[in-house]
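Have a look at the structure below before the remarks.
Values in this text are rule-based calculations from the coordinates and carry no lab data. A quick note: this is a predicted structure, and the numbers were derived from the prediction, not measured. Reconstructed Cβ throughout: ideal geometry from the backbone, glycine too, with neighbour counts over all protein chains shown.
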Amino acid sequence: MPEVDLLPPLRQFTDAFGRNDGNPGRIALRPRAADVPGLPPGPFRDYLAAVEIEDSPVIGGLLGLQLFSHHELAKAQDGWSTVWANGQPQPNPAWQQSWIVFGDVNGDAVVADTGDQACPVFGSVQQHNSPLAPDLGTFFAAVTAVMRWEAARELDTHDEDFNLLPEVPLELYAALSAHLDPVLTDDFLGFFLD
């Protein structure tokens, strides 16, 4: 199982997932860690060993975050770590090998840096990277905070013209303040809401 500090946020995340119709797919904590070959030791491998991901799960609502299973990771790297030239895959020289795309938000990548022991998470929009969380556990704690906040509001976040309600950003700042510093909160909300 994952290190002690990663398991609590993963448990809270898997408990919060699927609590409303905006979360298709399945995400659950495994009773025992699974074997996830091909990944370096560390928090990212621990995450995939601990969490079962099936049926292309999406965290709906404001986040619109699709998470990839271990078996989908190779394909998820296309266009990020590999690019196509003359019909052949080529390594992207601007992309570090330790960066693993594990989620998607409207075609933008959610990436774990497995080369850093903390495994920070960033969002990548057309190869422009913005930090989202200092480590994987904090990322899942922040995602869970948004999911719980939305559930408490019964997904009431937009007006009849689909504009974000004016109080939503301030309420999200408050929900995220226990997990992210103000700069990361700005980056997190900018990535998911813009």
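Summary of computed values
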quantity: Mean Kyte hydropathy of 0.5 or more with a Cα span along the axis of at least 18 Å, helices from DSSP in the chain; calculated: 136-152
quantity: Linear extension gain, ASP55 paired with VAL125, 0.36 nm per residue minus alpha-carbon span; calculated: 22.7 nm
quantity: For the chain, calculated [θ]222 nm from helices alone, where every DSSP H run of n ≥ 4 adds -39500 (n - 2.57); calculated: -9000 deg cm²/dmol
quantity: Which of LEU39, TRP99, VAL168, positive extreme of dipole for region 7-193 (C-beta unit charges); calculated: LEU39
